[in-house]
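This is the structure, below, for whatever I ask next.
The values are calculated or read from the model by the stated rules, or taken from the named source; none is laboratory data. In this text the structure is predicted, and so the values were computed from the model without any measurement. Quick reminder, even Gly has a Cβ in these numbers, built from the backbone with ideal geometry, and neighbours come from all protein chains shown. We work out accessible area using only protein heavy atoms, side chains counted, and drop any ligands, DNA or RNA first. Shrake-Rupley method; radii C 1.70, N 1.55, O 1.52, S 1.80 Å.
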Amino acid sequence: MSDETTPICSAKGCRTPAVWVLAWNNPKIHTPERRKTWIACDEHREHLSQFLGVRGFLKDVVPLAEWEAPEDSGRS
């Protein structure tokens, strides 16, 4: 991947390439099957997972290389 297409970690201010996908949804506004995504580097995976987890939003954490988005994933 080139620098322009390398996914970058979703953590604020981080410019490190992402290696994890955190799939989540907010049940108050999303249908149960919808998945929004954040991507994370190794350093921020746990922090972002905890942020989503305490809110009950986190659904799955998958290595980026293995991620296959559902057809209607709502990726962001």
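Which condition breaks for M1 when tested against (1) open to solvent by 80 Å² or more (accessible area, probe 1.4 Å); (2) modelled with pLDDT of 95 or more; (3) aliphatic (A, V, I, L, M); (4) closer than 19 Å to W67 by Cβ?
Unmet condition: (2).
Can you name every residue in the range 26-41 that is more than 20 Å from P63 (Cβ to Cβ) and free of Cβ contacts under 8 Å to residues at least 40 places away in the same chain?
Once the filter is applied, which keeps residues that are more than 20 Å from P63 (Cβ to Cβ) and free of Cβ contacts under 8 Å to residues at least 40 places away in the same chain, the range 26-41 yields N26, P27, K28, I29, T31, P32, E33.
Within the range 38-58, is even one residue surrounded by 15 or more Cβ atoms within 10 Å (Cβ to Cβ) and either among the hydroxyl-bearing types (S, T, Y) or touching a His at 6+ places or on another chain (Cβ under 6 Å) (or both)?
The answer is yes; a qualifying residue exists.
Within the range 19-32, can you find the residues that are in a loop (DSSP other than H, G, I, E, B) and touching a helix residue (DSSP H, G or I) at 6+ places or on another chain (Cβ under 6 Å)? Quick ask: steps written out before the conclusion?
Going through the range 19-32, the residues in a loop (DSSP other than H, G, I, E, B) turn out to be 19, 25-32.
Answer for the range 19-32, where residues must be in a loop (DSSP other than H, G, I, E, B) and touching a helix residue (DSSP H, G or I) at 6+ places or on another chain (Cβ under 6 Å): just V19.
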